[in-house]
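Novice: One structure is given below, represented as structure tokens, and several questions about it will come after.
The values are calculated or read from the model by the stated rules, or taken from the named source; none is laboratory data. The shown structure was predicted, so the numbers you read here are calculated from the model rather than taken from an experiment. All Cβ positions, glycine included, derive from the backbone under ideal geometry; neighbour counts span all protein chains shown. Each accessible area value is taken on the protein alone, full model and side chains, heavy atoms only, with ligands, DNA and RNA left out. Shrake-Rupley method; radii C 1.70, N 1.55, O 1.52, S 1.80 Å.
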Amino acid sequence: MRDNGTGFDMKYSHKLFGVFQRLHRAEEFEGTGVGLAMVQRVVHRHGGQVWAEAEEGRGATFRFTLGEATNS
């Protein structure tokens with residue numbers, strides 16, 4: 001997923017997927033800071049990885065992979 005929003009400084013990317021971690025003030029953007037943590041948990045449970053790339057003022061791109069499907 002890609003957006004053209006405010007983006008973020010990549011030096012803080014380690015905080016993105018932490019519960020209640022925010023890279024912007026609550027007054028600037030709504031939300032609780034749990035959405036990306038939930039995304040990461042679901043992706044990890046399916047054997048995948050999730051990460052983001054961004055530049056301040058230019059938006060962000062979020063990518064993920066999922067593990068291989070198994071026949072049970």
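Novice: So, of the residues in the stretch 35-51 that are part of a loop (DSSP other than H, G, I, E, B) and closer than 18 Å to MET1 by Cα, which turns out to be most open to solvent (accessible area, probe 1.4 Å)?
Specialist: Taking the stretch 35-51 and keeping what is part of a loop (DSSP other than H, G, I, E, B), we get 46-49.
Subsequent filtering for residues that are closer than 18 Å to MET1 by Cα retains 48-49.
Details: GLY48: 3, GLN49: 105 Å².
Across the stretch 35-51, the extreme among qualifying residues is GLN49.
Novice: Is there a residue in the stretch 52-66 that is of a type in the set (Ser, Thr, Tyr), assigned to a loop (DSSP other than H, G, I, E, B) and either in contact (Cβ under 8 Å) with a residue 24 or more places away in the chain or open to solvent by 50 Å² or more (accessible area, probe 1.4 Å) (or both)? Walk me through it before giving the result.
Specialist: Just the residues of the stretch 52-66 that are of a type in the set (Ser, Thr, Tyr), to begin with: 61, 65.
Checking the rest, the ones that are also assigned to a loop (DSSP other than H, G, I, E, B) come to 65.
Adding the requirement that they be either in contact (Cβ under 8 Å) with a residue 24 or more places away in the chain or open to solvent by 50 Å² or more (accessible area, probe 1.4 Å) (or both) leaves 65.
Within the stretch 52-66, one or more residues are of a type in the set (Ser, Thr, Tyr), assigned to a loop (DSSP other than H, G, I, E, B) and either in contact (Cβ under 8 Å) with a residue 24 or more places away in the chain or open to solvent by 50 Å² or more (accessible area, probe 1.4 Å) (or both).
Novice: Let me ask something additional. Quick check, is PHE17 surrounded by 14 or more Cβ atoms within 10 Å (Cβ to Cβ), part of a loop (DSSP other than H, G, I, E, B) and without any contact (Cβ under 8 Å) to a residue 60 or more places away in the chain? Break it down stepwise before answering.
Specialist: Values: surrounded by 14 or more Cβ atoms within 10 Å (Cβ to Cβ): yes; part of a loop (DSSP other than H, G, I, E, B): yes; without any contact (Cβ under 8 Å) to a residue 60 or more places away in the chain: yes.
Yes.
Novice: Would you be able to say whether some residue in the stretch 22-29 is in contact with a Lys or Arg (Cβ under 7 Å, 6 or more places away or on another chain), of a type in the set (A, V, I, L, M, F, W, C) and surrounded by 11 or more Cβ atoms within 10 Å (Cβ to Cβ)? Show your work before the answer.
Specialist: The first filter runs over the stretch 22-29 and keeps only residues in contact with a Lys or Arg (Cβ under 7 Å, 6 or more places away or on another chain), leaving 23.
The next check asks that each one be of a type in the set (A, V, I, L, M, F, W, C); those that pass are 23.
Retained after the next criterion (residues that are surrounded by 11 or more Cβ atoms within 10 Å (Cβ to Cβ)): 23.
Checking the stretch 22-29: at least one residue is in contact with a Lys or Arg (Cβ under 7 Å, 6 or more places away or on another chain), of a type in the set (A, V, I, L, M, F, W, C) and surrounded by 11 or more Cβ atoms within 10 Å (Cβ to Cβ).
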